[in-house]
Amino acid sequence: MKFSRGLISAAVAFGLIAVNVAPAYAALDPILADNSTQAVGLIVKYKDGVAAKAKDGSPTAENASGTDLQLGRDLGAGWHSVGFDAEISAGKATSIAVRMASDPRVESVEIDRHLIAASHGLKLSAKAYATALAALKPATAVRAVKAVDAWSKTSPNNAAVKISWAAPASLFGASVSGYRVESNDGSGWKFQTSSLATSAVVKQGLVAGITYSFRIAAITKQAGVSKLGAFSAPVKALPTSAPQPPVFTGSNTAFVGISPSWAPQNRVQAGGLPLLGYQATAVASGQTPVVCNAPPTATTCQFTGLVPNVTYTVSVVAKNVRGATASLNQVTPLDALFKDQWYLTAKYGINATNAWSTTMGSKNVVVAVIDSGITAHPDLDNQVIPGYDFVSDINSSGDGDGWDANNADPGDYYGNEPSSWHGTHVAGIIAAQSNSIGVTGVAPNVKIQPIRALGSDGGNSSDLIAALHWAAGIHVAGVPDNKTPAQVVNLSMGTDGNTPCRLPGQATGATEDALAELKAAGITVVSAAGNFNVPAYESYPGNCFPTINVGATAYSGDRASYSNYSVLDSTGQMVGVDISAPGGDSKFPGDSPAGTNGKIISTMNDGLKAPGSPTYKGEEGTSMAAPVVTGVVALIYSLKPKITFDKVWDVLKATVTPFPPGSSCETKSNCGAGIVNAGAAVAAALALP
Ligand SMILES: [Ca+2]
Ligand SMILES: [Ca+2]
Ligand SMILES: [Ca+2]
């Protein structure tokens, strides 16, 4: 999506490095402590009709590379892995890759990342930057600013304001690279959006019924540096919408003589407009629905005509001139540990119980979990369909071989660190069965397809490419095709160090080509933003375009202390993290249920090295936040099987829970659009044509 696209341009400004792909846990993984600067090979795509293997058996265009190369696996969709004779430095690998990319027979090249490095290059020197910045005068204020309510019939429950303005009188010789729009709801100015045009319709985080101030400044650019211009004088607007859903004060059931009550709505809850009234409807299986109308001041409605000895379920609709909104029904599961799954229902959880009144997922939706594999577990055994094992490195695979059909997680014990059973934990967050035991997943009726790409020594991007292709049903040479391709893919993995997604000067690469093919096939890929409390553009593959890149929040709703975050790019956009979800933070457990320590509880195994017995455990990380979003995306696909990546993103970003007022996520705008809201997202998806 657009956030990630900006992120790549930021990332490409840094030197290329070779890195490990490791589970995105908050705790420092021993794998990630490896500071080697080595690369194992390249991932190469040849032009149509060009054979990968030259007559002498070496890879085509080896001469262009200036070094000895070995042709490796066919990764699907025209990509091949190409190995070096030995591991070489990331810098040298980059220059080899750039030379190889210049050969006319080669379409594109990417580094096969394996070990960790940290090289920074190609940035404007600090001195040159300071000189250029000092020379650039900020633009004068933009002019003729107007802000008006931009409510629209197509989304009656959304607040929107259209802002327009005219360019500044003077740019002092620089050019405009964009405009920054800030809003203030009375609690201080915060970043609202950025725009290349001289108008913008803003929706994100706006609440109908609150009067907002807006101000705009031009961002100008000259000689590689950007500067924020003077802000306009503020203008005010009051957005309006249909009312918020009425909330029952107790049970929402009715009997003869007993009617439920709802909380009165204030002006904000009423959408910023006077209420026209309420309409309550009582339904029961086999009975005619009974309707009851009440005035705007009422908090209950006496039904007439209910059948004796029948329990009715009541919904109530609030109306104003913008539309009518029904109360939300909730489904409370029976799973024993549901009470500890705060991330599903807490104030800054994901509102899952409301989503489940519409859908708990469809068994026809397949979610590929590209991870460490899977273990036997009573909360997962009925949820899992066949996958594959793409861990090629036999020193890391733990099962004694390379690619094979058995995707069981043999354990990733490393040093003195117990096996993580990372894939099992991630799978449970998405789709643990809703029964009476253990936990429930966000989308408990969808299917999990575990695909192995992470071993005890992390993984390779070449194996990840093959796994992405296979998940989408694209043929990978030597591997039986995936008979049940996925609609949603979860990537709870990342890198440390600064790891651009693609080679400098290249328009794309193997990872982004694969992601583009998945998007074209109608698949949505969700990734973890990484756990090193650094700009998210540093972490591969979440920095590749397009994925929905997920940051982690704590119980409080603010950014988890480890989560990577968004930063301002040169056009004034906050880029890196697209959306946030609860990932847990044991440093700040807040009022989370006793024993959870603020973590995300899910399915686990108690084996130290090899698999032991199934159990449950709390973990924290963007590895946990990504599958929360993946589960919500799976619910959306359950309602709209033909939905596209872009539409999924539109639904998610339009329905987020805003970050807590005054939180760092809110004041710095560095955690993406908001916290994913399953109930609101499912309602919005249901309303799509
Ligand atoms: Ca294997
Ligand atoms: Ca295996
Ligand atoms: Ca369960």
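The values are calculated or read from the model by the stated rules, or taken from the named source; none is laboratory data. Since the model is a prediction, treat every value here as computed from it, not as a measurement. When we count neighbours, we look across all protein chains shown, and the Cβ atoms used for this are built from the backbone with ideal geometry, even at glycine. Ligands, DNA and RNA are excluded from the accessible area calculation, which covers all protein heavy atoms including side chains. Shrake-Rupley method; radii C 1.70, N 1.55, O 1.52, S 1.80 Å.
The figures follow:
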quantity	calculated
Ranked by how many other beta carbons lie within 10 Å on average, peptides 422-434, 59-71, 257-269 from highest	422-434, 59-71, 257-269
Rounded accessible area per residue of the chain, 1.4 Å, Å²	37 Å²
Whole-percent carbon and sulfur share, accessible surface of the chain, 1.4 Å	55 percent
Acute angle (nearest 10 degrees) that the helix 126-135 long axis makes with the longest principal axis of the chain, alpha-carbon atoms	50 degrees
Environment charge of residue 274, counting only residues whose C-beta is closer than 14 Å and scoring Lys/Arg +1, Asp/Glu -1	+3
Selection from 296, 223, 67 lying farthest towards where the dipole of the chain points positive, charges on Cβ	296
Heavy atoms of residue 273 accessible to a 1.4 Å probe, total area in Å² rounded to 10	30 Å²
Helix-only mean residue ellipticity at 222 nm for the chain, each DSSP H run of n ≥ 4 adding -39500 (n - 2.57), per residue, nearest 500	-5000 deg cm²/dmol
Listed residues 564, 286, 486: farthest to the positive end of the dipole of the chain (Cβ charges)	286
Long pairs among 347/647; 587/617; 519/642; 483/519; 483/617; 153/203, criterion Cα-Cα beyond 22 Å	347/647; 483/617
Hull volume in cubic angstrom per residue (convex hull over the Cα atoms of the chain)	162 Å³
Label-to-label distance, nm, for residues given as residue 144 and residue 594 (7 Å Cα→Cβ offset)	6.5 nm
The range 569-689: C-alpha gyration tensor shape, a/c 1.5 cut-off, then a/b vs b/c	oblate
Cα-centre dipole for the chain with unit charges at Cβ (Lys and Arg positive, Asp and Glu negative), debye to 20	3380 debye
Long-range HN-HN contacts of residue 177 with modeled amide H, under 5 Å	219, 220, 221
19 Å Cα-Cα reach of residue 236 towards aspartates and glutamates, excluding residues that sit fewer than 8 places from it in its own chain	149, 182, 185
Charge dipole (the range 566-673, unit charges on Cβ, about Cα centre) - positive-most of 577, 596, 614	614
Counted charge near residue 479, where neighbours are those whose Cβ lies closer than 15 Å (Asp, Glu -1; Lys, Arg +1)	-3
Under-5 Å amide H pairs with residue 548, H placed in peptide plane, nonlocal only	525, 526, 527
Under 22 Å from residue 53, Cα to Cα: lysines that are on another chain or at least 8 residues apart	45
Set of aspartates and glutamates near residue 221 by C-alpha distance (under 15 Å), chain-local residues within fewer than 8 positions excluded	569
Relative packing of 190-197, 160-167, which averages over residues the other C-beta atoms within 10 Å, highest first	160-167, 190-197
Proximal charge balance of residue 688 [Cβ under 10 Å; K/R count +1, D/E count -1]	+1
